[in-house]
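The values are calculated or read from the model by the stated rules, or taken from the named source; none is laboratory data. All values reported here derive from a predicted model rather than from experimental measurement. All Cβ positions, glycine included, derive from the backbone under ideal geometry; neighbour counts span all protein chains shown.
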Amino acid sequence: MNRYDVVVIGSGMGGLTCGAMLAKEGMQVCVVEKNPVIGGCLQSFRRAGRTLDTGIHYVGSLREGQTLHQYLKYLGILPELHIEPLDPAGFDIIHLAGRTFRHAGGFDRFAETLAADFPGERSGIRNYCNLLRRIGSLIAPDVLRSGRLSAGGLEYLGISAAATIDSLVTDPLLRSVLAGSAPLYGGRRDVSPLYHHAMINHSNIEGACCFVGGTQQIADALARRIRTAGGEIRTCARATRMKLSGNRIHCVELNDGAEQIEARWIISDIAPSVTFSLLESTPLIRSSFLKRLQNMPNTCGLFTLHLLPRAGTIPYQNRNHYFYGTTDVWGDGSLSEDRISMALLCMQPARDKRYADVVTLLVPMSFGSVARWLGTRPEHRGPDYEAFKAAFAEKTLRFVENFMPGLSDSAACIHTSTPLSYFDYTATPEGAAYGLQKDFKHPVSSLIPVRSRIENLLLTGQNLNVHGMLGVTVSAAVTCSELLGETYLAKKIGHA
Ligand SMILES: Cc1cc2nc3c(=O)[nH]c(=O)nc-3n(C[C@H](O)[C@H](O)[C@H](O)COP(=O)(O)OP(=O)(O)OC[C@H]3O[C@@H](n4cnc5c(N)ncnc54)[C@H](O)[C@@H]3O)c2cc1C
């Protein structure tokens, strides 16, 4: 039986980052991934000669001196990544009420751009920016250099994002513009905490970028770091059971018992409810605890439509578009199959950057819309599923063409996926795009701790705190700090 210092279950951003950090710090690491290809939501795939991304389309804080940049510098993968800054004059364009508004890069430009549209709200916009800066600075490189991964701020988890915006500015349209990228975190008026809104918007305003050539490059670069440091990555290796000896996991069983691997520590990058369902039954984990995990609400899923334009037909724009058919950008969790009220559009450039290689449309979709096909196999779900996807794709294109007429005329082909694809592919409950829903009304119970009553089991990944590339990277450091020490790790990252 193989024995490691650490076995990491799942090779998403969270699992690979933990693997790379621990291997870099001298631990014997093995990452096990159920799929043939590593990466989870970082995975890219090829269709008609183009690279399509599954889960990360743009990311913030990636400029020199910013938080995510500092983490990637420590991990040593920056030279291998093809990072492209999004347009600082407007990285997100918010289409609302027949007008367009820009989220510009850099806080001064962000404030001035919106103040030009809403001159009477200049001081409220400034206050909004100052608040985001205050919250974003809690995980800044300076904090790392002082020996901490975070300087606190969890009180912002118990504050409503929507109510805070409403208290800062008075124009209802501006309130919606400030919350315009809410779908990036499954934003809902009744639940979304200020902490998540602020961390994500702060990082994007600081330095929104995309990855040219697909996000698989991030997974591959992290995998190279793990292997170079002597670690192992095993694909087609599904963790199917965790066997206990007292209050410790004795071994992880792979592929229904085909193999067992031992480690001093187990880190799980998969959803908490799935993680604990893999444990042998033990009085340490009460059934009420398991039930609570299973009943925690998830964020919505996303319908993804990749449109592959005929060569040279759609000029590349290095910005994203949030299209709204309503003036209230906050979803309330009730998503209709029949009525599309928002879509996010992102582009991937062709090699010469003049034209788009891929146009991606993301539309919130509830798992209920596809639950009837649960249990079917990807690519073999039957003609009614294909018809459902085709009809929803048609509705999506019709909705987006209200803002970008003629878009579908340029399509050479279209590829779509639903929350069911993510459910099957990453084992994320309900195919939730951003994992568990955080609720400002229940800030403590929506937080998932790194540790549990199983002594050598640590959790990581998007469910712990903030999802997305930045949130998951910071959470990976929090997980690894349990083994390496917070002061040591934070200083190493901060001084990289
Ligand atoms: C459509 C979409 C668009 C998004 N857009 C953005 C964006 O633009 N910017 C951004 O920052 N974030 C975005 N996100 C969110 C971001 O992708 C996620 O928060 C993040 O990638 C999650 O990483 P993770 O490591 O927590 O989980 P995952 O990526 O889900 O990784 C979990 C891994 O565990 C594996 N696994 C599961 N069960 C087992 C098992 N039993 N044994 C072994 N392996 C197992 C899975 O196969 C998977 O590889 C988006 C998400 C979606 C779905």
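Of all residues in the stretch 319-329, those satisfying the criterion of being surrounded by fewer than 20 Cβ atoms within 10 Å (Cβ to Cβ) and over 15 Å from Val363 (Cβ atoms) are Thr327, Asp328.
Enumerate the pairs (first residue in the stretch 233-253 and farther than 19 Å from Glu455 by Cα; second residue anywhere and more than 10 Å from the ligand (Cβ to nearest atom) and part of a strand (DSSP E or B)) with beta-carbon separation below 8 Å, excluding pairs fewer than 6 apart on the same chain, so at least 6 apart or on different chains. Hits for this filter: Ile233/Cys30; Arg234/Cys30; Ala237/Glu259; Thr240/Glu253. Specify the residue that is nearest to Tyr425 (Cα to Cα); the eligible residues are those in the stretch 60-71 that are surrounded by fewer than 23 Cβ atoms within 10 Å (Cβ to Cβ) and within 15 Å of the ligand (Cβ to nearest atom). Per the criteria, the residue is His69.
Quick one: which of Leu144, Leu174 is in contact (Cβ under 8 Å) with a residue 24 or more places away in the chain, closer than 30 Å to His495 by Cβ and not in a loop (DSSP other than H, G, I, E, B)?
The match here is Leu144.
Taken as a whole, the structure leaves Gly368 outside the set of residues that are outside the structural domain of Gly186 (by TED's automatic domain parsing), on the phi > 0 side of the Ramachandran plot and more than 16 Å from the ligand (Cβ to nearest atom). For the stretch 189-198, the count of residues that are aliphatic (A, V, I, L, M), buried (at least 22 other Cβ atoms within 10 Å of the Cβ), outside any helix (DSSP H, G or I) and within 13 Å of the ligand (Cβ to nearest atom) is zero. For the stretch 388-415, filtering for residues that are under 19 Å from Thr54 (Cα atoms) and aromatic (Phe, Trp, Tyr) leaves 1.
Being under 15 Å from the mean Cα position of the chain (by Cα), assigned by TED's automatic domain parsing to the domain that holds Val252 and within 13 Å of the ligand (Cβ to nearest atom) is a property that holds for Gly461.
Regarding the stretch 1-20, can at least one residue be identified that is modelled with pLDDT under 95 and either assigned to a strand (DSSP E or B) or within 13 Å of the ligand (Cβ to nearest atom) (or both)? Let's see the steps before the verdict.
At the first step, the residues of the stretch 1-20 found to be modelled with pLDDT under 95 are 1-3.
Checking the rest, the ones that are also either assigned to a strand (DSSP E or B) or within 13 Å of the ligand (Cβ to nearest atom) (or both) come to 2-3.
Yes.
Taking the stated definitions as given, is Thr240 in contact with a Gly (Cβ under 8 Å, 6 or more places away or on another chain) and surrounded by fewer than 17 Cβ atoms within 10 Å (Cβ to Cβ)? Even if it seems obvious, please write down each step before you answer.
Details: in contact with a Gly (Cβ under 8 Å, 6 or more places away or on another chain): yes; surrounded by fewer than 17 Cβ atoms within 10 Å (Cβ to Cβ): yes.
It is true that Thr240 is in contact with a Gly (Cβ under 8 Å, 6 or more places away or on another chain) and surrounded by fewer than 17 Cβ atoms within 10 Å (Cβ to Cβ).
Selection over the stretch 31-41 of residues that are surrounded by fewer than 24 Cβ atoms within 10 Å (Cβ to Cβ) and either at positive phi or more than 9 Å from the ligand (Cβ to nearest atom) (or both) gives a count of 1.
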